[in-house]
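Notes for the one structure printed next.
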Amino acid sequence: MFSRRAGLACRAKLWPWLMAMALGAGVPAAAGPTARIPGFSGAEAMALLRYQCDLGPRIPGSPGNRALQDTLLAQAEQLGLEGRRGCFQAVSPLTGKAMPVCNVVITIGGVEEGPALWLGAHFDTRPICDHDPDPERRSLPLPGANDGASGVAVLWQIMNIAADTRPPRDVVLMFFDGEDSGRSGDPEGFCLGSAHLVEHWRDFGSLLPAERPRGMILLDMVGDADLGIPQEGYSLAHAPDWTAEVFGRAAVLGLPAFTQARGGAVYDDHIPFLRAGIPAVDLIDFDYPAWHTSADVPAACSPASLEQVGRLLVDLIYNP
Ligand SMILES: [Zn+2]
């Protein structure tokens, strides 16, 4: 069904475009400066998804992981935004070895006072494909097109848009590391970066203000070409009003991927925020056959899916 090689196919072709973007040579954000609510280009987000996959695995401590941190921070600086990396040492539940875990936080200052919107996604990828149907592939690193790159791609594109058209209120982008190195069946071994970030809030200083946000939105596995996002169980149970607001907005916008159905409960990076009493909603499509397999490649994802999620976030940001 999916091509294993698709993630590697266009590495060479993308580089000039991405280098031009990194150097500020001008791939404009989707909307013109006069638009009140900017557009969101799924095609541009898809290019950012492919870019991440072309870095190779983004396992904590790997060159691909570090390169992605560096690129996100360089892009923020290029756009005149404040960004910071917060690192700590953890022990990989999968290998028992020490691994560095580095969260990246980037803040986009709003033009008015008011509660900020916090957006998060994990950028690391799983070290193994333990659910692959082929036993010989289970020791391979996950390509992580949907499980990792999709949420980051949408937030990255939001960063590009918001730097061009300043949002009414502050928007904080949180890129979590160490989400996907846990052992199957032991949820506490996952989400190491987000848990640390919530516990060590002050490490990020002014980038993470003490005031409570309007809410936190987590993106995880939002690129599936066959996208369907139900209302995740923990979000519904612990942040029902915020979940209703976010999904209500999706309904107003007529975004077909978002359903009013109740989904399963997923242990994900929103859990540390919920435990801290912060309203958080996990936008996740867990019905993904390529989950934790070598088929989690860009060909399994689509620009149209990313665009629906991006349109929802842009509306929540610019139409608060
Ligand atoms: Zn995963």
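For region 6-318, the percent of C-alpha pairs falling in each 20 Å distance bin, counted from 0 to the bin holding the largest distance, reads 36, 61, 3. Estimated purely from DSSP H runs of n ≥ 4, each contributing -39500 (n - 2.57), the mean residue ellipticity at 222 nm for the chain is -10000 deg cm²/dmol once divided by its residues.
Among DSSP beta bridges lying fully in the chain, give the percent that are antiparallel, nearest 5. It would help to have the intermediate numbers written out before the result.
Details: 16 of 33 bridges.
Counting DSSP beta bridges with both partners in the chain, the antiparallel share is about 50 percent.
For region 78-182, what is the relative contact order in percent, using Cα pairs closer than 8 Å and at least 6 residues apart in sequence?
Details: 194 pairs, mean separation 42.1, N = 105.
Relative contact order, region 78-182: 40 percent.
Using the alpha-carbon positions of region 98-208, Rg (one decimal) and Dmax (whole number) come out as 16.4, 55 Å. When all alpha carbon pairs of region 57-131 are counted in 10 Å bins from zero, the resulting P(r) reads 16, 42, 27, 12, 2 %.
Highest mobility in the GNM of the chain, judged by mean-square fluctuation with C-alpha springs under 10 Å and restricted to Ala162, Ala149, Ala265, is found for Ala265.
Pairs of Cα atoms nearer than 8 Å and 6+ residues apart set the relative contact order; for the chain it is 25 percent.
Going by how many other Cβ atoms sit within 10 Å of their own, how do Tyr267, Tyr51 line up, fewest first? List each step's numbers first, then the result.
Values: Tyr267 15, Tyr51 22.
Placing the least packed residue first, the sequence is Tyr267, Tyr51.
In this structure the amide hydrogen of Met99, modeled in the peptide plane, comes within under 5 Å of the amide hydrogens of Ala90, Val91, Ser92, none closer than 5 places in sequence on its chain. Approximating the spin labels as points 7 Å out from Cα along Cα→Cβ, the Ala244-to-Asp186 distance works out to 4.0 nm. Taken one residue at a time, the phi angles of region 303-318 give Karplus couplings (6.51, -1.76, 1.60, θ = phi - 60°) of x, 5, 5, 4, 5, 4, 5, x, 4, 5, 5, 4, 5, 5, 6, 9 Hz. Gly and Pro are set to x.
Mind giving me the FRET efficiency for Ala251 and Ser139? R0 is 41 Å, r the Cβ-Cβ distance, nearest 0.05 is fine.
Computed FRET efficiency for Ala251 and Ser139: 0.45.
Sequentially through region 232-249, phi angles give Karplus couplings (6.51, -1.76, 1.60; θ = phi - 60°) of 5, x, 5, 4, 4, 6, 10, 9, x, 5, 5, 4, 5, 5, 5, 6, x, 5 Hz, Gly and Pro residues having no value and appearing as x. Length gained on full extension, Ala261 to Val91: 57.5 nm, using 0.36 nm per residue less the C-alpha separation.
Residue exposure proxy: Met174, Met159, ordered by other Cβ atoms within 10 angstrom of their Cβ from fewest to most, comes out as Met159, Met174.
For region 42-51, putting each phi into the Karplus relation 6.51 cos²θ - 1.76 cosθ + 1.60 with θ = phi - 60° gives couplings of x, 5, 5, 5, 5, 5, 6, 5, 5, 4 Hz, in residue order, rounded to whole numbers and with x for Gly and Pro. Between the residues Leu313, Pro240, Ala162, the greatest Cα displacement towards the positive end of the dipole of region 6-318, with unit charges on the Cβ of Lys, Arg, Asp and Glu, is found for Ala162. With q set to 0.15, 0.16, 0.23, 0.32 Å⁻¹, the log10 of I(q)/I(0) for region 231-282, from the Debye formula over equal scatterers at the Cα positions, is -0.37, -0.42, -0.81, -1.23.
Every number here is computed from the coordinates shown, using simple stated rules; none is lab data. Computed from a predicted model, the values in this text were never measured in an experiment. Note: ideal-geometry Cβ built from the backbone for every residue, glycine included; neighbour counts use all protein chains shown.
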